[in-house]
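In what follows, a single structure is set out as C-alpha cells and then discussed.
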Amino acid sequence: MPLPKPPTTRAAILPPSAYETQAAPKSARHSPQAGAASADDDTPALALRKDSDSAGTLAAPPLPAKSRAAAPARKTAAAEPKARKPRSAGPAKLFVLDTNVLMHDPMSLFRFEEHDIYLPMITLEELDGHKKGMSEVSRNVRQVSRELDALAADSKLDPTAGIALAKTGHREAGGKLFFQTTLREIKLPAGLPQGKADNQILGVVQSLREELKGREVVLVSKDINMRVKARALGLDAEDYYNDKTLEDGDLLYTGVLPLPSDFWDRHGKTMESWSQGGHTFYRISGPLVPALMVNQFVYLESPGEAPLYARVTEITGKTAVLKTLRDYTHGKNAIWGVTARNREQNFALNLLMDPDCDFITLTGTAGTGKTLMTLAAGLSQVMEDRRYTEIIVTRVTVPVGEDIGFLPGNEEEKMGPWMGALDDNLEVLAKSDNSAGEWGRAATNDLVRSKIKIKSLNFMRGRTFLNKFVLIDEAQNLTPKQMKTLVTRAGPGTKIVCLGNLAQIDTPYLTEGSSGLTYAVDRFKGWPHSGHVTLARGERSRLADYASDVL
C-alpha cells in the first residue's frame with residue numbers, strides 16, 4: 001500500500017481523510033483490471049458493500065454455478081472440527097491387572113489407552129503387604145497407592161460406574177478404573193487351592209467373563225505360570241508389553257552400517273571432500289542419507305580397493321558428512337598398550353577417545369573386549385590427557401547363583417568381590433609395559449588404583465559427578481528407571497560408558513526388550529553427543545569363542 005503524500009509545510013499534521021483515502025480499495029470503474037476480473041467466472045472480485053450503518057465490509061459477489069455447489073461443503077468442513085478417529089475398532093476391552101504388573105510399572109494404570117482397568121480386592125491386599133521397605137518393589141507399590149488415592153479421592157464418585165483414568169491429568173488414558181466391590185462366585189477346578197491369591201484373581205477373571213458376555217476380559221500378568229494357568233482354564237491372558245522397548249532384540253540399533261558395493265558410483269558425482277586435522281571428510285547426498293544417524297559408523301570393504309571406515313558427524317536436510325576414523329589397530333595409536341583387533345573394536349575406541357561423546361553404550365558377547373578397552377581409554381584420558389579426574393566403576397550386584405551373605409568392610413571393600421572383571425583387566429593393562437621393571441610396574445599399579453573408585457548403586461541417589469569417567473558394568477541388569485537414575489548423575493565434563501551383554505540378564509522380570517541397556521541404546525541413538533557399537537567378534541580365546549557359539 002503506497003504511503004500518503006507528505007505535508008507541504010513544516011509541522012503540518014496530515015488530516016485523517018488522507019489515510020482513509022489510501023486505505024480505501026479502488027472502485028471497479030477506476031481500475032482497468034477490475035472489469036476483466038469480474039468478467040472471469042473463475043476469479044470473482046471482492047466488492048465493497050455499504051450497509052445501513054455505513055460500515056464498510058468486504059463481501060463476495062455471487063459465485064458461478066460450479067463454485068456455489070462446492071461452497072457449502074468447504075464451509076462446513078472448515079467450521080466443524082474433525083472427529084477423533086478411534087484407536088481400535090470394537091468395544092473397549094476390560095483388563096484385569098495382576099499385582100506384579102503394578103509392582104513392575106507403577107504407571108501401568110495409564111498405559112492401556114481407551115481400555116478399562118479392573119482391580120480385584122486381593123490385588124489391593126497384596127499391594128498393602130509389600131508397601132514397607134526400601135527396595136525398588138516397595139517404592140513402586142507406594143507410588144501405585146498414591147495414584148489410586150488420587151483417583152478415588154472424590155467421595156461423590158460411584159465405584160460401580162467406574163473412575164475416569166484421565167482424572168489426574170493422564171490424558172493418554174481414555175478408559176475407566178473399576179474396583180471389585182462385591183463378593184464374586186468363584187468356579188474354579190477343585191484341584192486349585194482357593195486361598196491362593198493367584199487363584200482368586202483367576203476366579204475373578206472367570207466370573208467377569210461370564211457376567212460380561214459381549215465384552216473381552218483379559219488378564220495381564222508378568223507371571224508366566226499365572227498366564228499358563230489362565231489359558232489352561234480357557235481365559236485370555238497377556239504379558240505386560242508396555243515396558244518393552246523392542247519386541248525383538250535383533251531389531252536393536254547396532255551403531256554400524258555396511259555401505260553398498262556401488263556406494264561410490266551412486267554418490268560420487270555429487271560428493272564433496274576435504275581434509276582437516278588429519279581426517280578426510282565427505283559430504284554426500286543421495287538415497288542413503290535418510291537411513292543414517294549421527295555418530296553411526298559406516299564401512300565399505302571391497303576386494304582390491306582401499307577400505308573406507310567413517311563416522312557420520314552431521315546430517316543437514318538431505319546431506320550428511322562422513323569423517324574418516326583414526327586407526328587404533330596400528331601400534332602407534334595404542335591406548336595404554338591396547339590396540340583394536342577387529343573393525344568393531346576400532347569403532348568403539350574412536351568413540352571412547354572422543355571428548356565430544358558424553359554417553360557411550362557398548363554391547364557384545366563375552367570376550368569382545370568391552371571392559372578392557374573402556375578401562376584403557378579411561379586410564380589414558382585420566383593419567384595422560386588429564387581430561388577427567390578419576391574413574392568411577394559401578395555395577396548391579398545381582399548374583400549368578402546362591403547369595404554368599406553379607407560382605408565385611410566399607411563400601412569399596414564390599415564391592416570388591418563383584419569387581420573381579422576390573423581386577424583381571426587391570427592386571428592385563430599393568431603387564432603391557434615391560435620397560436619399567438617390577439618396581440616400576442608396582443608403583444604404576446598403585447597409582448592406577450588410586451585413580452579408580454568403586455561405588456555401589458545403592459548410594460547414587462542425589463550425587464553429581466564432575467569431570468569423571470564413569471563405567472557402568474553389567475548394565476543389562478539395570479531397569480530403565482535405574483538407568484535413568486545413573487545417567488542423570490552426570491555433571492559438566494563427565495563421560496558415562498555403559499557395558500553389557502543382553503544375552504546374560506540375571507534380574508527377574510527383565511528381558512532383552514525391557515532391559516535398561518536396551519532402553520538407553522534406543523533412546524540415545526542419533527543424539528550428537530552419544531554413540532553405540534555392538535561388538536560382534538570375541539577376542540578372549542578360541543575356547544571362549546567356541547563356547548559362546550555352541551553352549
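Here is the figure for the stretch 280-308: residues that are free of Cβ contacts under 8 Å to residues at least 40 places away in the same chain, of a type in the set (Ser, Thr, Tyr) and assigned to a loop (DSSP other than H, G, I, E, B) total 0.
Within the stretch 230-245, being of a type in the set (A, V, I, L, M, F, W, C), outside any helix (DSSP H, G or I) and either within 15 Å of Val101 (Cβ to Cβ) or in contact (Cβ under 8 Å) with a residue 60 or more places away in the chain (or both) holds for one residue alone: Ala237. For the stretch 527-536, the count of residues that are open to solvent by 60 Å² or more (accessible area, probe 1.4 Å), at pLDDT below 90 and of a type in the set (A, V, I, L, M) is nonzero.
Residue under question is Gly304, and the condition is that it be loosely packed, with under 11 Cβ neighbours inside 10 Å, on the phi > 0 side of the Ramachandran plot and modelled with pLDDT under 90; does it hold? For Gly304, the condition - loosely packed, with under 11 Cβ neighbours inside 10 Å, on the phi > 0 side of the Ramachandran plot and modelled with pLDDT under 90 - is met. Listed by first and then second residue, the pairs linking a residue in the stretch 254-279 that is assigned to a strand (DSSP E or B) to a residue that is open to solvent by less than 80 Å² (accessible area, probe 1.4 Å) and among the charged types (D, E, K, R), with Cβ atoms under 7 Å apart and 6 or more places separating them unless they lie on different chains, are Val256/Glu344; Glu272/Arg283; His279/Lys323. Here the stretch 355-376 is the region considered, the condition is being buried (at least 24 other Cβ atoms within 10 Å of the Cβ) and within 16 Å of Val470 (Cα to Cα), and the residue that is farthest from the chain's Cα centre (by Cα) is Ala376. No other residue among Thr507, Thr479 is over 23 Å from Ala348 (Cα atoms) and modelled with pLDDT of 85 or more apart from Thr479.
If the requirement is being surrounded by 14 or more Cβ atoms within 10 Å (Cβ to Cβ) and either in contact with a Phe, Trp or Tyr (Cβ under 6 Å, 6 or more places away or on another chain) or over 30 Å from Ala536 (Cβ atoms) (or both), which of these qualifies: Glu185, Glu216, Glu172, Glu210? Answer to the check: Glu216. Of all the listed residues (Glu390, Glu402, Glu412, Glu314), the sole one being touching a strand residue (DSSP E or B) at 6+ places or on another chain (Cβ under 7 Å), open to solvent by 10 Å² or more (accessible area, probe 1.4 Å), modelled with pLDDT under 90 and of a type outside the set (Lys, Arg) is Glu412. Among residues of the stretch 340-354 that are assigned to a loop (DSSP other than H, G, I, E, B), those with a Cβ under 7 angstrom from a residue that is among the aliphatic types (A, V, I, L, M), sequence gap 6+ or separate chain, pair up as Ala340/Leu349; Met353/Ile335; Met353/Ala377.
Restricting attention to the stretch 446-471, which residues are over 21 Å from Met383 (Cβ atoms), under 23 Å from the mean Cα position of the chain (by Cα) and not charged (D, E, K, R)? Correct list: Leu457, Met460, Gly462, Thr464.
Considering the stretch 201-229, and only residues there that are in a loop (DSSP other than H, G, I, E, B) and modelled with pLDDT under 90, the residue that is farthest from Asp116 (Cα to Cα) turns out to be Asp223.
Here the condition is being touching a residue at least 24 places away in the same chain (Cβ under 8 Å) and closer than 15 Å to Thr394 by Cβ; of Thr534, Thr485, Thr507, it holds for Thr485 alone. If only residues of the stretch 510-525 that are out of contact with any Pro (no Cβ under 7 Å at 6 or more places or on another chain), modelled with pLDDT of 90 or more and surrounded by fewer than 24 Cβ atoms within 10 Å (Cβ to Cβ) are counted, the one that is nearest to Asp549 (Cα to Cα) is Asp522.
Restricting attention to the stretch 228-240, the residues that are open to solvent by less than 30 Å² (accessible area, probe 1.4 Å) and charged (D, E, K, R) add up to 1. Note on the stretch 490-501: residues that are closer than 22 Å to Gly367 by Cα and either open to solvent by 50 Å² or more (accessible area, probe 1.4 Å) or at pLDDT below 90 (or both) total 0. Has the stretch 337-354 got any residue that is surrounded by fewer than 17 Cβ atoms within 10 Å (Cβ to Cβ) and hydrophobic (A, V, I, L, M, F, W, C)? Within the stretch 337-354, none of the residues are surrounded by fewer than 17 Cβ atoms within 10 Å (Cβ to Cβ) and hydrophobic (A, V, I, L, M, F, W, C).
Checking the structure you have, find out if any residue of the stretch 192-200 is assigned to a helix (DSSP H, G or I), open to solvent by 50 Å² or more (accessible area, probe 1.4 Å) and in contact (Cβ under 8 Å) with a residue 40 or more places away in the chain. The answer is yes; a qualifying residue exists.
The values are calculated or read from the model by the stated rules, or taken from the named source; none is laboratory data. Predicted model only: the values in this text are computed from it and were never measured. Positions of Cβ are generated from backbone atoms using ideal geometry, with glycine treated the same way; all protein chains shown enter the neighbour counts. The accessibility values were calculated without ligands, DNA or RNA, using every heavy atom of the protein model including side chains. Shrake-Rupley method; radii C 1.70, N 1.55, O 1.52, S 1.80 Å.
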